[in-house]
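Engineer: Quick one: this structure, given as structure tokens, is what I'll be asking you about.
The values are calculated or read from the model by the stated rules, or taken from the named source; none is laboratory data. As the structure is a prediction and not an experimental result, all values here were calculated from the model. With ideal geometry, Cβ positions are generated from the backbone for all residues, glycine too; neighbour counts draw on all protein chains shown.
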Amino acid sequence: GTTTVVDPLRISVIGTGYLGATHAVCMAELGFEVIGVDVDPGKIKRLTAGEVPFFEPGLEELLRKNLESGRLSFTTSLADAASAADVHFVCVGTPQHPESNSADMRYVDAAVSGLIAGGLRPGSLVVGKSTVPAGTAARLAAWLSEQAPGVELAWNPEFLREGFAVDDTLRPDRLVFGVAPGGNAEATLHRVYASVIAAGTPVVTVDYPTAELVKVAANAFLATKISFINAMAEVCEVTGADVTHLSKAISYDTRIGGRFLHAGLGFGGGCLPKDIRAFQARATELGAGQAVAFLAEVDAINLRRRTRTVTLATEALGGDVTGKKVAVLGAAFKPNSDDIRDSPALAVADTLRKAGATVAVYDPAAIPNAQRAYPEIIYADNAVDAATGAHIVLHLTEWTEFRELAPNALTAVVAARTIIDGRNTLNPAQWRAAGWTYHALGRP
Ligand code: NAD
């Protein structure tokens, strides 16, 4: 391929998971020369071959285009990236610590120490994108100023949504630049994002702790909105009210709005659950635990929806699931993704399996990941196979394919016509008309 670089700034992206692979591809798409780095040789091999190692609509096409242009390459050598690039985006994972609610910072620290060891060039910029506890940027900046004088640090949190990652990266709602006073970091970030900013994207330039907090505050708000409507669903269940109508009615108030106001099985994934926990842990360390104590309740409301679904299923099966066959539609934590991190669907499926049910799961994209994490569950090639012989069907991830599923496609194969709609996206009238007993969360 021929290289057409719009700006001679060379970019490295450390960590090529959901965030980093998308970011590397999009930076190349903007016209930069980009090198993506990961410690996982399997991922690097697949990316180099033009294969996205996860499900993300539109990403593979752009990956191939930019590999062919010669602007994009991948390596397992952090040292190569450290010396080759001017701007280094840190996109490694910050999962929940195995022994606490805090974020596990070992990957971020390893990435920065690897960059230092690899010989960062003076004048280069390290840009954190991972979601981190407040205080991380200041700590890393102090470390860099000692070990790599002349290297600056910025924090540029990421807000992309899996399933919309390319669009969210190239056309984000806003850019947040967390920088230290003085220095060139802000100007460099404006150069990196020049075309995105020119397209009208607002930029908010702030100090380090504000940048770090913007990300966790946004996720805390979204989690709270979901748990709010799920708390209303709990009250609906004891009053006989219908949360789907309630949510629609309050959403017409433009101060409230309808986004993230759908009652159901609640949130999961690699971000919201661990981010609200890490936020509480960090705020507590800093003496502001009370300010975000409500997030413990947000978390608890969310997890109670999983318990409620298991209870509903158990009751529908006559109080004992032993020997019963359960079909689960959905494994990904949300549709248009193969991500199963903290998936509510798989949590429910596995709880029922442990209680003695035979559980068969179908998902359009997430089965390989689910199989690795929950090998004891049975996996089916389609919804009909999963439902064959089932005493109950659970709809737990709202893929369009399931919304469009005709009840009659399953009627002939199931052992009993009972369905629980854990996402409130099926049409109850349609299922009931087909002779099914339809249960849902938050509605009679
Ligand atoms: P991920 O687990 O998919 O990817 C992380 C990658 O980093 C993995 O491929 C891993 O092998 C690699 N890695 C770990 N240590 C490394 C090292 N020392 N050097 C090089 N590579 C290393 O995680 P993700 O979903 O991409 O999330 C990354 C960060 O972005 C997290 O902080 C997350 O909270 C944040 N974030 C994620 C999303 C999202 O939708 N996934 C959105 C916004 C922010």
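Engineer: Given the condition surrounded by 19 or more Cβ atoms within 10 Å (Cβ to Cβ) and in contact (Cβ under 8 Å) with a residue 24 or more places away in the chain, answer yes or no: does some residue in the range 199-207 qualify? Steps first, answer last, please.
Structural biologist: Let us first name the residues in the range 199-207 that are surrounded by 19 or more Cβ atoms within 10 Å (Cβ to Cβ), namely none.
Checked against the condition, which is being surrounded by 19 or more Cβ atoms within 10 Å (Cβ to Cβ) and in contact (Cβ under 8 Å) with a residue 24 or more places away in the chain, the range 199-207 yields no hits at all.
Engineer: If you don't mind, there's one more thing I want to ask. Can you name the strands (runs of 3 or more DSSP E) wholly within the range 296-414 that have at least 3 residues being charged (D, E, K, R)? Give the derivation first.
Structural biologist: On the way: elements: 325-329, 358-362, 392-395.
Because the criterion is at least 3 residues that are charged (D, E, K, R), no strands (runs of 3 or more DSSP E) in the range 296-414 meet it.
Engineer: Looking for whichever is among the acidic types (Asp, Glu), away from the ligand (no atom under 16 Å from the Cβ) and surrounded by 14 or more Cβ atoms within 10 Å (Cβ to Cβ) here; the options are 186, 212. Which one fits?
Structural biologist: Details: 212 fails: away from the ligand (no atom under 16 Å from the Cβ).
Within the list 186, 212, the selection yields 186.
Engineer: Follow-up question, since we're still on this one. Determine which member of the set 94, 131 is out of contact with any Phe, Trp or Tyr (no Cβ under 9 Å at 6 or more places or on another chain), part of a loop (DSSP other than H, G, I, E, B) and within 12 Å of the ligand (Cβ to nearest atom).
Structural biologist: On the way: 94 fails: out of contact with any Phe, Trp or Tyr (no Cβ under 9 Å at 6 or more places or on another chain).
From the options 94, 131, the qualifying one is 131.
Engineer: From 172, 122, which residue is in a loop (DSSP other than H, G, I, E, B) and away from the ligand (no atom under 16 Å from the Cβ)?
Structural biologist: Working: 172 fails: away from the ligand (no atom under 16 Å from the Cβ).
The match here is 122.
Engineer: Would you mind stating whether residue 34 is among the β-branched types (Val, Ile, Thr) and in a strand (DSSP E or B)? Spell out how you get there, then give the answer.
Structural biologist: Working: among the β-branched types (Val, Ile, Thr): yes; in a strand (DSSP E or B): yes.
Yes, satisfied.
Engineer: On the basis of being modelled with pLDDT of 95 or more, assigned by TED's automatic domain parsing to the domain that holds residue 124 and crowded, with 19+ Cβ neighbours inside 10 Å, does residue 38 make the cut? Before the answer, list the steps.
Structural biologist: Working: modelled with pLDDT of 95 or more: yes; assigned by TED's automatic domain parsing to the domain that holds residue 124: yes; crowded, with 19+ Cβ neighbours inside 10 Å: yes.
So residue 38 passes the test.
Engineer: Suppose we keep only residues that are at pLDDT below 95 and more than 13 Å from the ligand (Cβ to nearest atom) within the range 78-91. Which one would you say is farthest from residue 9 (Cα to Cα)?
Structural biologist: The qualifying residue farthest from residue 9 (Cα to Cα) is 83.
Engineer: Something else now. List pairs: first residue in the range 120-131 and charged (D, E, K, R), second residue within 13 Å of the ligand (Cβ to nearest atom) anywhere in the structure, Cβ distance under 6 angstrom, at least six positions apart or on different chains.
Structural biologist: 129/89; 129/91; 129/156; 129/158
Engineer: Test residue 287 against the criterion of being away from the ligand (no atom under 16 Å from the Cβ) and not assigned by TED's automatic domain parsing to the domain that holds residue 332, and give yes or no. Outline the logic, then answer.
Structural biologist: Values: away from the ligand (no atom under 16 Å from the Cβ): yes; not assigned by TED's automatic domain parsing to the domain that holds residue 332: yes.
Judged against the criteria, residue 287 is a match.
Engineer: Among the residues of the range 1-31, which ones are in a loop (DSSP other than H, G, I, E, B) and within 13 Å of the ligand (Cβ to nearest atom)? Walk me through how you get there before you give the answer.
Structural biologist: Initial filter on the range 1-31 (in a loop (DSSP other than H, G, I, E, B)): 1-9, 15-17, 30-31.
Answer for the range 1-31, where residues must be in a loop (DSSP other than H, G, I, E, B) and within 13 Å of the ligand (Cβ to nearest atom): 15, 16, 17.
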